[in-house]
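What follows is a set of notes on a single structure, which appears directly below.
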Amino acid sequence: FSVSVGVAGAQVQQEPRLETTEGIGINISCSHPNIQTSEMIYWYRQLPGRGPELFVSGHKGFKELPEKAGSLWVSSDRKSSALYLSRPRRGDSAVYYCALGD
């Protein structure tokens, strides 16, 4: 299945499209070089025919997402982040957005 990545404005940069096979882990990265100290990193997911929903948020470090079979990693300088889906299924085919906010 494929993972599309939405552009959430000039503050973040993402790959336009990624593909993987069901069950094969996928890393979705996001660059946000101008992030402010107070800003959180938000990852949203938009399933086909649905509105965007908050998938995970974080500020720094590494965060396990056991209920979503994945993890969120934020670089030490907070200028990039990555969402890892360890066992993606067809139901995970979606547009994934990263965004910044207070």
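The values are calculated or read from the model by the stated rules, or taken from the named source; none is laboratory data. Remember, predicted model here, so these are calculated numbers, not experimental data. As a convention, Cβ positions derive from the backbone with ideal geometry for all residues, glycine included, and neighbour counts pool all protein chains shown. We work out accessible area using only protein heavy atoms, side chains counted, and drop any ligands, DNA or RNA first. Shrake-Rupley method; radii C 1.70, N 1.55, O 1.52, S 1.80 Å.
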Q: Given the conditions (1) under 22 Å from ARG17 (Cβ atoms); (2) surrounded by fewer than 16 Cβ atoms within 10 Å (Cβ to Cβ); (3) within 13 Å of the chain's Cα centre (by Cα); (4) of a type in the set (Gly, Ala, Ser), report the number of the one that SER57 does not fulfil.
A: (1)
Q: May I ask you to verify whether THR21 is in a loop (DSSP other than H, G, I, E, B), among the β-branched types (Val, Ile, Thr), open to solvent by 70 Å² or more (accessible area, probe 1.4 Å) and modelled with pLDDT of 90 or more?
A: no
Q: Take ALA82 and decide whether it is in contact with a strand residue (DSSP E or B) (Cβ under 6 Å, 6 or more places away or on another chain) and at pLDDT below 90.
A: no
Q.
All but one of (1) open to solvent by less than 50 Å² (accessible area, probe 1.4 Å); (2) in contact (Cβ under 8 Å) with a residue 12 or more places away in the chain hold for PRO52; state the number of the condition that does not hold.
A. (1)
